[in-house]
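Take a look at the structure below.
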Amino acid sequence: MKVKEKYLNFYYETIGDVPDPVIDPQKTALLIVDMQNQFVRRDSPEAEAFKAAGEWERWLPFHDRLDETVIPNNVKLLEYFRKHGMTVTYAQIACLREDGEDRSPVQKSDGWNGIFLPINNPETQIIDELAPQRNEIVVSKTTDSVTTGTNYLTLLNFMGIETVVVTGIVTDQCVACSVRGLADAGYKVICVEDACAAGSMELHDAELKIMSVIYCDVLSTDETIALIDKNMK
């Protein structure tokens, strides 16, 4: 297949076609990253803080993309995986202690990555549209990557997973770190371009361009479903 021009980075400008991904659907997992009330809802404490600080207009394109593109495509993928009995997993930012002392140093810091979300806080939960069902795995993390400081890789290994389809937010932080961690651990990774979002489209496209081919195949929702269909036995 051809690498999409917009995601063709310097290292692979002259590579030409790359092999089509070959996957085993029964050894493929969906990973939905950080689609939590705090980050997605327009009335969350984070959103209200943006409004109070006069920042809301700047964040509207991000929320529009979530509502119009990212959530519907995640729903589409989730329904597809469930219909075919495939593995569904989630990553969520959540500390286990109410005082947050188990958070990583980054999440204890000031600034954008300073996040305090106790596991039982309603804002910590996955949004209703994508809420986990029975036998779907939710892994809590206090880092960007779901593979750091968690048992996620162990769970994938025990379940015989070989390929992980990654969606969620934000593309250039928790999604990207998770993609890299999975790739470094030997998993095939598909990052679904229209099921992810970053603070801006510039950041979103730049991160996917950086990761394309090196760490993952960048496909659309429909391309991902078509690929799985093609490999169904």
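The values are calculated or read from the model by the stated rules, or taken from the named source; none is laboratory data. Computed from a predicted model, the values in this text were never measured in an experiment. Glycine gets a Cβ as well: all are built from the backbone with ideal geometry, and neighbour counts include every protein chain shown. For the accessible areas, the whole protein counts, side chains as well, though only heavy atoms, and no ligand, DNA or RNA atoms are used. Shrake-Rupley method; radii C 1.70, N 1.55, O 1.52, S 1.80 Å.
Taking the stretch 194-213 as the range and being farther than 24 Å from residue 155 by Cα and in contact (Cβ under 8 Å) with a residue 60 or more places away in the chain as the test, the residues that pass are 194, 197, 198, 199, 200, 201, 205, 208, 209, 210, 212, 213. Within the stretch 82-113, the set of residues being open to solvent by 20 Å² or more (accessible area, probe 1.4 Å), within 20 Å of the chain's Cα centre (by Cα) and among the hydrophobic types (A, V, I, L, M, F, W, C) comprises 106, 112.
If you go through the stretch 59-97 and keep only what is more than 26 Å from residue 135 (Cα to Cα), of a type in the set (D, E, K, R) and out of contact with any strand residue (DSSP E or B) (no Cβ under 9 Å at 6 or more places or on another chain), you end up with 64, 67, 68. Considering the stretch 19-58, the residues that are in contact with a strand residue (DSSP E or B) (Cβ under 6 Å, 6 or more places away or on another chain) and of a type in the set (S, T, N, Q) include one that is farthest from residue 116 (Cα to Cα), namely 28.
Pairs meeting the criteria (first residue in the stretch 48-75 and closer than 21 Å to residue 168 by Cβ, second residue surrounded by 12 or more Cβ atoms within 10 Å (Cβ to Cβ) and of a type in the set (Asp, Glu), beta carbons under 7 Å, at least 6 apart or on different chains) are 69/194; 71/129; 73/194; 75/129. Considering the stretch 194-216, and only residues there that are surrounded by fewer than 24 Cβ atoms within 10 Å (Cβ to Cβ) and assigned to a strand (DSSP E or B), the residue that is farthest from the chain's Cα centre (by Cα) turns out to be 212. Identify, please: which residue in the stretch 140-168 is surrounded by fewer than 17 Cβ atoms within 10 Å (Cβ to Cβ) and in contact (Cβ under 8 Å) with a residue 12 or more places away in the chain and is, among those, farthest from residue 223 (Cα to Cα)? Only one residue fits best here, namely 149.
Do we find a residue being assigned to a loop (DSSP other than H, G, I, E, B) and either in contact (Cβ under 8 Å) with a residue 40 or more places away in the chain or among the β-branched types (Val, Ile, Thr) (or both) anywhere in the stretch 174-182? Taking every residue of the stretch 174-182 in turn, none turns out to be assigned to a loop (DSSP other than H, G, I, E, B) and either in contact (Cβ under 8 Å) with a residue 40 or more places away in the chain or among the β-branched types (Val, Ile, Thr) (or both).
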